[in-house]
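Encoded as structure tokens, the structure appears first; notes follow it.
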């Protein structure tokens with residue numbers, strides 16, 4: 001009886017591992033696909049959506065910034081790493097504005113009042129929109145915050161930062177785009 005139990009257990013474990021591998025491959029999220037594409041040197045087209053402005057009437061979208069470098073930054077007021085990143089974003093936004101570029105904040109999984117207060121508290125002057133349903137974050141494969149997507153003048157994603165952006169990322173991934181031709 002024991003002689004048959006060990007191979008049976010090994011077979012069950014192998015089948016379970018194979019099923020887990022297949023599930024992982026088929027469930028690859030959009031964010032994983034973007035990271036893989038960027039790793040291969042591809043520049044996927046940025047996903048656009050028209051969303052309500054944060055703290056203002058009307059709507060805004062990436063299309064409003066066509067021909068400009070945009071850093072799409074997903075954030076929330078309750079996100080401690082977002083607060084850690086805020087001073088760098090504020091400094092970088094001043095540099096971007098001089099070049100006709102901008103951050104475009106996307107408040108996700110947060111209230112309008114709290115997100116607006118977060119921007120004021122940290123002196124963030126970039127335009128911001130609200131992802132009320134979470135569908136925009138899902139389209140980008142956002143899994144946590146902060147996450148930032150660097151979009152070139154042609155509307156293509158050229159870099160992404162998962163977690164707190166640092167000075168090195170700004171210098172290597174954002175600043176070179178500011179002087180790049182259309």
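The values are calculated or read from the model by the stated rules, or taken from the named source; none is laboratory data. This is a predicted model, so every value here is computed, not measured. Don't worry about glycine lacking a Cβ; one is built from the backbone with ideal geometry, like all the others, and counts go over all protein chains shown.
Counting only residues that are surrounded by fewer than 17 Cβ atoms within 10 Å (Cβ to Cβ) and in contact with a strand residue (DSSP E or B) (Cβ under 6 Å, 6 or more places away or on another chain), the stretch 163-182 holds 0 of them. Of the residues making up the stretch 38-47, those that are surrounded by fewer than 14 Cβ atoms within 10 Å (Cβ to Cβ) and outside any strand (DSSP E or B) number 4.
Consider the stretch 91-107 and keep the residues that are part of a helix (DSSP H, G or I) and surrounded by fewer than 16 Cβ atoms within 10 Å (Cβ to Cβ). The one that is farthest from the chain's Cα centre (by Cα) is 98. Selection within the stretch 108-128: residues that are outside any loop (DSSP other than H, G, I, E, B) and in contact with a helix residue (DSSP H, G or I) (Cβ under 8 Å, 6 or more places away or on another chain). The member of this set that is farthest from residue 82 (Cα to Cα) is 128.
Restricting the stretch 108-125 to residues that are over 18 Å from residue 137 (Cβ atoms) and without any contact (Cβ under 8 Å) to a residue 40 or more places away in the chain leaves a set whose member that is surrounded by the most Cβ atoms within 10 Å (Cβ to Cβ) is 124. Among the residues making up the stretch 129-141, those that are in contact with a helix residue (DSSP H, G or I) (Cβ under 7 Å, 6 or more places away or on another chain), under 20 Å from residue 157 (Cα atoms) and not in a helix (DSSP H, G or I) are 131, 141. Among the residues of the stretch 52-80, those identified as surrounded by 16 or more Cβ atoms within 10 Å (Cβ to Cβ), under 16 Å from the mean Cα position of the chain (by Cα) and either outside any loop (DSSP other than H, G, I, E, B) or modelled with pLDDT under 95 (or both) are 62, 70, 71, 72, 73, 74, 75.
Within the stretch 163-182, the set of residues being over 16 Å from residue 102 (Cβ atoms) and in contact with a helix residue (DSSP H, G or I) (Cβ under 8 Å, 6 or more places away or on another chain) comprises 163, 164, 166, 167.
Condition test on residue 88, is it at pLDDT 95 or above, more than 15 Å from the chain's Cα centre (by Cα), surrounded by 15 or more Cβ atoms within 10 Å (Cβ to Cβ) and closer than 19 Å to residue 173 by Cβ? Yes; evaluated as a whole, the condition is true for this residue.
Within the stretch 168-180, is even one residue part of a helix (DSSP H, G or I) and within 20 Å of residue 79 (Cβ to Cβ)?
yes
Can you confirm whether the stretch 148-162 contains a residue that is on the phi < 0 side of the Ramachandran plot, part of a helix (DSSP H, G or I) and in contact (Cβ under 8 Å) with a residue 12 or more places away in the chain? There is no residue in the stretch 148-162 that is on the phi < 0 side of the Ramachandran plot, part of a helix (DSSP H, G or I) and in contact (Cβ under 8 Å) with a residue 12 or more places away in the chain.
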